[in-house]
1. Given a Förster distance of 51 angstrom, what is the FRET efficiency for Asp47 paired with Asn307, based on the Cβ-Cβ distance and rounded to 0.05?
2. Let me know the charge dipole size of the stretch 189-319 about its Cα centre in debye, to the nearest 20, where only the beta-carbon of Lys, Arg (+1) and Asp, Glu (-1) is charged.
3. Give me the angle, in degrees from 0 to 90, between the Cα long axis of helix 2-21 and the longest principal axis of the Cα atoms of the chain, rounded to the nearest 10.
4. Gain in length, Ser62 to Lys258, computed as 0.36 nm per residue apart minus the alpha-carbon separation, to one decimal in nm?
5. Please count, across the stretch 24-140, the pairs of lysine residues with Cα atoms under 30 Å apart that sit 8 or more places apart or on different chains.
6. Multiply the residue separation of Arg71 and Lys97 by 0.36 nm, subtract the distance between their alpha-carbon atoms, and state the gained length in nm to one decimal.
7. Add -39500 (n - 2.57) for each DSSP H run of 4 or more in the chain, then divide by its residues: what number comes out at 222 nm, to the nearest 500 deg cm²/dmol?
8. From the convex hull of the Cα coordinates of the stretch 209-317, what is the mean projected area in square nanometres?
Amino acid sequence: MKKISILTFSGLLILGVTSFSKTQVLKVAFNQSENHPQYKVLKDFGDKLEAQTNGNYKLEISPNALLGDQRATTELVQNGIIQMSVVGNPVVENFSKNFAIISLPYIYDSLDHQKSVFTSGVLDELFKSVSKNGFQVVGAFTAGSRCVYTNKPIEKPEDLKGYKIRVMQSDTMKKMLDYMGGIGTPMAQSEVYTAVQQGVLEGGENNEVTYMDLKHYEISPYFSYTNHLMVPDLIIINESIYSKMDTKDRETFDKLMKEAIEQEFVEWNENVKTAKKVAIENGAKFVDVDIKPFQEKVKPLQDAVINSSDITKELYKKIRALAN
Ligand code: GCU
């Protein structure tokens, strides 16, 4: 009797250990704070994933760039040291130039337009195309509309003359700011505050949520609505982790990711309102801008990116066809 119960007990223990070790933890790098709408949506995604895969997968999110900037965390995902990250589209553009088309200046007319593009499936092929690099793009979050901020209103391209403005780390981003009239200066997001404070830069460009979250209003109080970019944030996952998921779990993962992407658009709108309010309370000035002169200036860049390959030409048509 005693023997049996010991056997049963050890059997249960083994079972317990097996089911425990079966849980695959997906470590996610995130370079913004826990208040960011993408963090909230990812957390919810993780809770549902764990429940709906019966504990096979679990998310562990590290916010505030604790695991490094977006370039560094992409490498960690490629090497399988961590499993997932959220990275700005320009980071992935460094692996495939075709990605430049989805953060082309002025390609989206509105958040609704961008939402139709992200949820329509037109980007699936593009996303799969980078998998040979050891990671897969599983979806895109909105990060709103980006605008220039500095120590004075920017109402026309000439206002940017001689101004070094931080841009995300890609060729297209640098060229874009140069065409807009300033000097595009690629840099990681976490370095911008100090760089402006020390006079290395005159300002940056970002959405209202990040502008507020990183307190950039303290160093660059004028936020001018140039609305020049709507850069997607891409959710990336280690290729072998993703391709080795069993079919049912992957279907659950994909379904929940689709829901998360839709939900993030809702959260985003709410957060922009709050972010703007907090920034104004802290002295920020929001300036309306006639965007036409800026649109004119970036036209050569738009033409170059659209015509850079058959894939970009095709995608441009598909994206514009979803505008209304
Ligand atoms: C946005 C975006 C981030 C990105 C950042 C940047 O905040 O959501 O993914 O890192 O801009 O300017 O680098």
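A short reminder: the numbers here are calculations on the coordinates, not readings from a lab. What you see is a predicted model; the values in this text were computed from it and never measured. Note that each Cβ is placed from the backbone with ideal geometry, even for glycine, and that neighbours are counted across all protein chains shown.
1. Numbers: r = 44 Å, r/R0 = 0.87.
After rounding to 0.05, the efficiency reads 0.70.
2. Details: 16 positive and 24 negative charges, 58 e Å.
For this selection, approximately 280 debye.
3. The answer is roughly 20 degrees.
4. Numbers: separation 196, 0.36 × 196 = 70.56 nm, distance 2.17 nm.
Length gained between Ser62 and Lys258: 68.4 nm.
5. 28
6. Values: separation 26, 0.36 × 26 = 9.36 nm, distance 1.58 nm.
Between Arg71 and Lys97, full extension yields 7.8 nm more.
7. On the way: 13 runs with 153 residues, N = 324.
For the chain, the value works out to -14500 deg cm²/dmol.
8. Details: hull surface 41.4 nm².
Over every viewing direction, the Cα hull of the stretch 209-317 projects on average to 10.3 nm².
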